[in-house]
Amino acid sequence: MKQYVDKALKLRKWVKVGHHIPGRVRLKYKLGIVAHLASYRSDDIENALASIPAFKNYKLNSATGSIVIEYDAKQIQPSWVDALFSESEQDAENACYAIAERLNSNGDH
C-alpha cells in the first residue's frame, strides 16, 4: 500500500482543488504534471481509475487544465479529500492512508 500512497503524494503537488462538494471535486492541474505523467502509460492510468468503484466518473478537460472526479462520498469521506490536497504534508499522508485503507477494506483496489 505504501508504494501507492507515495505515488499519490508525489502527484498531489501538481494539483489544487478548484471546487469541492461531497461526491465531486474539480482539481486544477499545473502543466508540469503532463511531463510527470508521461512516464505512465495512459492505459495504465485509465485502468487504475476504472478499477476503483468509489470513483464513479472522471473527466479531463485539457482546455481548462482541470479534472473532475465524482466519487462515492459514502466510501470516501469528503474531509479526506480536503486533507489530501491541503497544505499540510502530514494531513495529506494521513488522508491518503485513510482512503487506501477504506478502499482496501471494501475490496476496491
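Rule-based calculations on the coordinates, nothing more; no lab input. All figures in this text were calculated on a predicted structure; none of them were measured in a lab. Note that we place each Cβ from the backbone using ideal geometry, even for glycine, and neighbour counts take in every protein chain shown.
Please give the FRET efficiency for Ala73 paired with Lys7, using the beta carbon to beta carbon distance and R0 = 30 Å, rounded to the nearest 0.05. Display every interim value, and only then the final one.
Numbers: r = 23 Å, r/R0 = 0.78.
Computed FRET efficiency for Ala73 and Lys7 comes out at 0.80.
What is the extension gain from Tyr58 to Leu31, computed as 0.36 nm multiplied by their sequence separation minus the C-alpha to C-alpha distance, in nm to one decimal?
On the way: separation 27, 0.36 × 27 = 9.72 nm, distance 1.86 nm.
Full extension from Tyr58 to Leu31 adds 7.9 nm.
Residue by residue through the range 20-33, which ³J(HN,Hα) values in whole Hz follow from phi under the Karplus form 6.51 cos²θ - 1.76 cosθ + 1.60 (θ = phi - 60°), with glycine and proline marked x?
Running phi through 6.51 cos²θ - 1.76 cosθ + 1.60 with θ = phi - 60° gives 8, 10, x, x, 8, 10, 9, 9, 8, 10, 7, 4, x, 5 Hz.
Taking R0 as 25 Å, what's the FRET efficiency between Ser88 and Ile21 from their Cβ-Cβ distance, rounded to 0.05? All intermediate terms of the calculation are to be shown ahead of the outcome.
Numbers: r = 22 Å, r/R0 = 0.86.
Calculated value: 0.70.
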